[in-house]
Amino acid sequence: MEIILIILAVLLGGVAIFKILKARELVDGLKDEKSDPITDAEMRTNALGLIVYGFVLFALLVVQIVGWSKYMLPSSASVHGDDIDGLMNITMILILSVFFVTHTLLFWFGFKYYYRKGRKGFWYPHNNAMEMAWTVVPAIVLIMLISYGMSTWGSIMNPEDEADMHIEFVSEQFKWTTRFAGDDGKLGEASFALYGSNAVGVATKNALLKRLDESKAAIENIRQDSIKYEKLNEDGWNRSKNLDKSEESLKNYKANVVRLNRMLADYEKFPAKYDAGKDDKVINGNSIKLPKGKTIKFQFRSKDVIHSAYFPHFRAQMNAVPGMKTYFTFQPKETSEEFNLKAAEEGRVYLKRTLDEEGNVIAAVETPGSTGYILLCNKICGASHYNMKVYIEVVEEEEFNEWIADQKAFETL
Ligand SMILES: [Cu+2]
């Protein structure tokens, strides 16, 4: 209510000023003054206003950079992340320098050459040397910047080191399911044909056979239902909609049976890639552990729409696209504990919230350090997109080994 009143007051104030100016114009018209409508003093005030505006703009920018840098991400927690930070810093230094130089000139020239009676502009239409300079110099700088960016990206996407570990994230509205490769160090084959109780569709032989049985049973059920609906239809009850639905499901399940049989035939030829899934560990919760100092190759899949796996502290991001696999490899170089200490040392803070019993925030205290590693969905994918995250704890190798040993294998061997 208060805000509405304030907005109304501002609006009415604006209307009043407009009306007063309009009235003044009419009075001037009556007086029939032939003088210049804008005086020299007004012109000078405007010019001064421009340069003051420039100073305020610069000052605000500097205040924000200095004052809010404590909320920025701490320095990278992954090995390749330092390259990304280097790229970011050089780019920011370059564009900020150009920004300050060009805008200083812009405001200064606007002030220095404001209109004064009797002064004429200097007509200077063209200069080849200058044209060349401001075309070639930015072109060279941009080519260098882009080459630097492309080579950095190229080396990050094609790491020389073999991965020590393989982990998969499968996205769906609205959660991530994690799969760790088992002792064989390989992620087994997976397919959407097995989704259901099998969260990421791991395709071991047993899982394929189980799903095949389920699909056949489902087809039988649908057939029984269809017979019932047809009977009801004959008795005068309109069940055409149910029949259409049954037909649709029947088609899907039949296609699934074809897919599963094709994979079972493939299993006879290449059993290894299916058997590799037996010891995989599927984690349904939203918190996982990772070992420090290991190169991890992450694989991403999606069950429904495009999601994006974003690990801000590790400077990593990759889309998870339905129907294909995408990859990103990185090595965490600090445990969660070490990272938190480093963040505090670097002067970073986060807001520590205290909630009451009903979950309302009653206090938010700036606390030195970091909230900790997290995997976020970075593609607006629907209503609960904001809540699609996995908490990651990076620990020493021994602690990780203990934790992963406690997780259940897909098929108990
Ligand atoms: Cu998402």
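The values are calculated or read from the model by the stated rules, or taken from the named source; none is laboratory data. Just so it is clear, the structure is predicted and the values come from calculations on it, not from any experiment. Don't worry about glycine lacking a Cβ; one is built from the backbone with ideal geometry, like all the others, and counts go over all protein chains shown. Protein only, heavy atoms only, side chains kept; ligands, DNA and RNA dropped before computing areas. Shrake-Rupley method; radii C 1.70, N 1.55, O 1.52, S 1.80 Å.
Rolling a 1.4 Å probe over the heavy atoms of the protein chains gives the chain an accessible area of 65 Å² per residue. Along the charge dipole of the chain, which of 258, 203, 124 sits closest to the positive end, that is, farthest toward it, with unit charges on the beta carbon of Lys, Arg, Asp and Glu (+1, +1, -1, -1)? Of the listed residues, the answer is 124.
Taking each residue as 0.36 nm, the span from residue 41 to residue 116 lengthens on full extension beyond its C-alpha to C-alpha distance by 26.0 nm.
So if I place +1 on the C-beta of Lys and Arg and -1 on the C-beta of Asp and Glu, and nothing else carries charge, what would the dipole magnitude of segment 203-275 be about its Cα centre? I want it in debye, nearest 20. Please list the in-between numbers first.
Values: 16 positive and 13 negative charges, 56 e Å.
Roughly 260 debye, rounded to the nearest 20.
Taking a point 7 Å out from the Cα of residue 130 in the direction of its Cβ, the residues of segment 75-118 whose backbone N falls within less than 14 Å of it are 106, 109. Between residue 266 and residue 251, the distance separating the two model label sites (each 7 Å from Cα on the Cα→Cβ line) works out to 2.4 nm. Judged by the mean number of other Cβ atoms found within 10 Å, the most tightly packed of the peptides 45-54, 313-322 leads the ranking 313-322, 45-54.
Give, in nm to one decimal, the length gained when the segment between residue 223 and residue 380 is fully stretched (0.36 nm per residue of separation minus the Cα-Cα distance). Write down the numbers at each step before the final one.
Details: separation 157, 0.36 × 157 = 56.52 nm, distance 3.97 nm.
Contour length minus the Cα-Cα distance gives 52.6 nm.
The peptide list 249-258, 16-25, put in order of mean Cβ contacts within 10 Å with the highest first, becomes 249-258, 16-25.
How would you rank 211-219, 72-80, highest first, on the average number of other Cβ atoms within 10 Å across their residues? Don't jump to the answer; show the numbers that get you there.
Details: 211-219: 17.0, 72-80: 19.4.
Sorting 211-219, 72-80 by mean packing, highest first, produces 72-80, 211-219.
Taking Cα centre as origin and charging only the Cβ of basic (Lys, Arg, +1) and acidic (Asp, Glu, -1) residues, the dipole magnitude of segment 160-260 rounds to 700 debye.
Around residue 348, with a cut-off of 9 angstrom between Cβ atoms, what is the net charge of the other residues, counting Lys and Arg +1 and Asp and Glu -1?
Values: positive: 70, 342; negative: 345, 346.
Taking every Cβ under 9 Å from that of residue 348, the sum is 0.
The residue among 331, 3, 369 whose Cα reaches farthest toward the positive pole of the charge dipole of the chain, with charges on the beta-carbon of Lys, Arg, Asp and Glu, is 3. For residue 190, the residues 5 or more places off, or on other chains, whose built amide H falls under 5 Å of its own are 203.
Pop out the carbon and sulfur fraction of the accessible area of segment 126-268 as a percent, whole number, probe 1.4 Å. Each step should come with its number before you reach the end.
Numbers: 4990 of 8990 Å².
After summing per-atom areas, the C and S share lands at 56 percent.
Scanning the chain for helices, which whole DSSP H stretches are 18 Å or more long along the axis (Cα) and average -1.0 or more by Kyte-Doolittle? Write down the numbers at each step before the final one.
Details: long enough: 2-31 (44 Å, 1.55); 40-68 (41 Å, 1.36); 81-112 (46 Å, 1.16); 128-157 (43 Å, 1.23); 205-234 (44 Å, -1.08); 240-269 (44 Å, -1.20).
Within the chain the helices that satisfy the rule are 2-31, 40-68, 81-112, 128-157.
Within the chain, antiparallel bridges make up roughly 70 percent of the DSSP beta bridges whose residues both belong there.
Put simply, the amide H of residue 289, placed in the peptide plane, has neighbours under 5 Å in 393, leaving out anything fewer than 5 places away on its chain.
Rounded, prolate or oblate: which fits the chain, taking a ≥ b ≥ c as square roots of the Cα gyration tensor eigenvalues, rounded meaning a/c under 1.5, else prolate when a/b beats b/c? Don't jump to the answer; show the numbers that get you there.
Working: a/c = 2.45, a/b = 1.77, b/c = 1.38.
Verdict is prolate for the chain.
Based on DSSP H segments of at least four residues, each scored -39500 (n - 2.57), the chain has a per-residue ellipticity at 222 nm of -17500 deg cm²/dmol. Overall, the chain carries a charge dipole of about 1620 debye about its Cα centre when +1 sits on the Cβ of Lys and Arg and -1 on the Cβ of Asp and Glu, all other atoms neutral.
The distance from the alpha carbon centre of segment 296-327 to that of segment 329-351 is 23 Å, rounded to a whole number. The length gained on full extension between residue 25 and residue 139, counted as 0.36 nm times the residue separation minus their Cα-Cα distance, comes to 36.0 nm.
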